[in-house]
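One structure is given here, and the rest of the page talks about it.
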Amino acid sequence: MVGSALVRKLNAEGYRNIVVRDSKEFDLRNQQAVNTFFDAEKPEYVFLAAAKVGGIHANNTFPAEFLYDNLMIETNIIHASYMHKVKKLLFLGSSCIYPKFAKQPIKEEYLLDGYLEPTNEAYAIAKITGIELCKFYRRQYGCDFISAMPTNLYGPGDNFNLEISHVMPALIRKIYVAKVSGEKEVVMWGTGTPRREFMHVDDLAAACYHLMEKYSAELHVNMGTGEDIEIGELAKLIKEIVGFEGEIVNDLTKPDGTPRKLLDVSLLNSIGFEHKIELKEGIQAVYSWAIENRVL
Ligand code: GFB
């Protein structure tokens, strides 16, 4: 989802020499394969969006893979970028790097200030390592490597598989299916009281492009909208957009995860970037995309 949005943005900005590989073509966990790729393509600018990602259930169920795969991807690419003298690299992390009970809104400085949320601890440790790699390659070797920490993302190309997806595509799919099959209830995981901040992936891609042009420093940059919503309210909004009139019921056997992770985006704003796509309009666009692309 993020990689495709970055390609759309770079194309729109007029770039024509964009080198892309997806995971079916080669395995970024394989150091030799990564080095061979860098030898052949000699990239000048690297957007490191590749990662093993998933929603709360996938993170909680496959922590070994979330740690191992992400560590391998990051270390291989960041080291190869250093060895091949890449001009600039942007590493993408996640807002789950911050402590579970971080003060809100979360400033970049709160990193490593408390215990992590257990459901995504493995993924968070991998992403924190990525930030630290960029920081230390910058400090020791002078590499222009920067890091961005996006909030929960959504958009075209999202994963709608209910077992591994994030909440947004999951609720869009469940609510749509309930509507077309005439069901009266939709199951929402957890209590519905956690709050999440959602950013459309096209805003994220624009923010990444902006950082690549304007930012060069050790400190990672929060990427978000600065606004969040309760999951129960999100479900109501999706119901309204999809036109479903049944009930939302809670499955309390599923975890809530972190209660809140609203990012302080004043650093991003001070670099000159503000998001454009508001939540309702973004969900409407994704819903239309999902219908057109038959992923529901
Ligand atoms: O989006 P989500 O899976 O990820 O869940 P996290 C957000 C909230 O929505 C949780 C609730 O409180 C879920 O319990 N939820 C309600 C649901 N219904 C559903 C449903 O049908 N599916 C899903 N998936 N959730 C992930 C992290 O955390 O977010 C990752 O595990 C990463 O590491 C990513 O940071 C952005 O926001 O809880």
>> For a quick size check, give me the Cα extents of region 1-160 along its three principal axes, largest first, whole Å.
In response: 44, 40, 31
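Tell me, what % of the accessible area of the chain is carbon and sulfur with a 1.4 angstrom probe? Please list the in-between numbers first.
On the way: 7280 of 14190 Å².
Its accessible area is 51 percent carbon and sulfur atoms.
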> What's the angle, to the nearest 10 degrees (0 to 90), between helix 279-292's Cα axis and the longest principal axis of the chain?
Replying inline: 90 degrees
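Quick one: work out Rg over Rh on the C-alpha atoms of the chain, Rh as Kirkwood radius. The partial results should precede the final answer.
Working: Rg = 19.0 Å, Rh = 19.8 Å.
Using Cα coordinates only, the ratio equals 0.96.
Quick check for you: with a 1.4 Å probe and neighbouring chains kept, what is the accessible area per residue of the chain, in Å²? Don't jump to the answer; show the numbers that get you there.
Values: 14190 Å² over 296 residues.
Accessible area per residue, the chain: 48 Å².
Percent antiparallel among DSSP beta bridges with both residues in the chain, to the nearest 5? Working shown, then result.
Working: 2 of 23 bridges.
Rounded to the nearest five, the antiparallel share is 10 percent.
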> Using alpha carbons only, how many degrees (0 to 90, rounded to 10) separate the axis of helix 231-242 from the longest principal axis of the chain?
Replying inline: 70 degrees
> Counting every Cα pair in region 1-79, what percent are over 19 Å apart?
Replying inline: 43 percent
>> Let's test this: bin the Cα-Cα distances of region 246-296 at 10 Å from zero up to the farthest pair and state each bin's percent.
In response: 17, 22, 40, 19, 2
> Taking Cα atoms, how many degrees apart are the long axis of helix 63-83 and the longest axis of the chain, rounded to 10 and kept between 0 and 90?
Replying inline: 30 degrees
>> Averaged across orientations, what area in nm² does the convex hull of the alpha carbons in region 141-275 project?
In response: 9.6 nm²
> Do the alpha carbons of any pairs in Lys87/Lys135; Lys174/Lys276; Lys239/Lys261 sit beyond 19 Å of each other, and which pairs?
Replying inline: Lys174/Lys276; Lys239/Lys261
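Run through the DSSP bridge list for region 162-296 and note the antiparallel percent, rounded to the nearest 5.
25 percent
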> Classify region 65-136: rounded, prolate or oblate, from the alpha-carbon gyration tensor (a ≥ b ≥ c, eigenvalue square roots; a/c under 1.5 rounded; otherwise prolate if a/b is larger than b/c)?
Replying inline: oblate
> What is the Å³ per residue value for the convex hull set by the Cα atoms of region 81-205?
Replying inline: 144 Å³
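The values are calculated or read from the model by the stated rules, or taken from the named source; none is laboratory data. All values derive from a computational prediction rather than experimental measurement. Calculation scope for accessible area: heavy atoms of the full protein, side chains included, ligands and nucleic acids excluded. Shrake-Rupley method; radii C 1.70, N 1.55, O 1.52, S 1.80 Å.
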